[in-house]
Amino acid sequence: YAAFDGCTGLTGSIPSLSTLTGLTTLSYAFAFCTGLTGSIPSLSTLTGLTTLSYAFYNCTGLTGSIPSLSTLTGLTNLSYAFYNCTGLVGNTSTVAYIFGGASYPNLTTANSCFYSSVPYLLGNAADFISLTKNAGFVVSTAPSSGSYEMFYGQTTLTDYATTPAAWK
């Protein structure tokens, strides 16, 4: 929890996280580490994650693409991860690739993960919106009453104009 949070002087690339297979929560990891460069490492081996929140938050120097989350089917909370990663303008991952068509039967919250003043996400928001989620999953336009603004500012999405307001 909060590993390297706020380390603005930390520079270089994020090391591989592949050996952290027992991890259940990745919260605030590398948040506000504006000196980091390179790509976000693969998260595919972190299959026990239930919470991915504020990880890589405001890491403006990161470049590359968003890794696949398709193996993280035990997630209950997906909030603010990748938030304002304005350096990801070279992202080539589509929403379909990131979520891989997987079911997320425990997911109850998905907030502002791709919120950014600089759009970088490709594909269709519908590729996430249509996925199977927990029966308690609620979408709202207010932060205190459900999931909201998952794709805020991502005007590069093909279906952004028709994406329901609560998602953007």
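The values are calculated or read from the model by the stated rules, or taken from the named source; none is laboratory data. Everything quoted here is computed from the prediction, not taken from an experiment. Note that we place each Cβ from the backbone using ideal geometry, even for glycine, and neighbour counts take in every protein chain shown. Areas reflect the complete protein model, heavy atoms only, side chains present, ligands, DNA and RNA absent. Shrake-Rupley method; radii C 1.70, N 1.55, O 1.52, S 1.80 Å.
Excluding ligands, DNA and RNA, the accessible surface per residue across the chain is 41 Å² with a 1.4 Å probe. Put simply, the amide H of Val139, placed in the peptide plane, has neighbours under 5 Å in Ser147, leaving out anything fewer than 5 places away on its chain.
When the Gaussian network model of the chain links Cα atoms closer than 10 Å, the mean-square fluctuations of Gly123, Gly12, Gly146 top out at Gly12.
List the relative contact order of the stretch 79-168 as a percent without decimals, with contacts defined as Cα pairs under 8 Å and 6+ residues apart.
Relative contact order, the stretch 79-168: 32 percent.
In this structure, the amide hydrogen of Ser79, modeled 1.01 Å from its nitrogen in the peptide plane, lies closer than 5 angstrom to those of Leu52, Ser53, Tyr54, Asn111, counting only residues at least 5 positions away or on a different chain. Taken along the Cα-to-beta-carbon direction at a fixed 7 Å, the label points for Val138 and Thr21 span 3.9 nm. With all protein chains in place and a 1.4 Å probe, the accessible surface of the stretch 23-168 carries 55 percent carbon and sulfur. Measuring nothing but how far apart in sequence close Cα pairs (under 8 Å, 6+ apart) lie, relative to its length, the stretch 1-157 scores a relative contact order of 17 percent. Largest GNM mean-square fluctuation across Pro15, Pro119, Pro67, computed for the chain with C-alpha springs under 10 Å, falls on Pro15. Structure remark: mean-square fluctuation, Gaussian network model of the chain, C-alpha springs under 10 Å; the largest value among Thr132, Thr45, Thr19 belongs to Thr19. Of the chymotrypsin sites (Phe, Trp or Tyr not before Pro) found in the stretch 1-34, those in coil by DSSP whose Cβ has at most 15 other Cβ atoms within 10 Å are Tyr1, Phe4.
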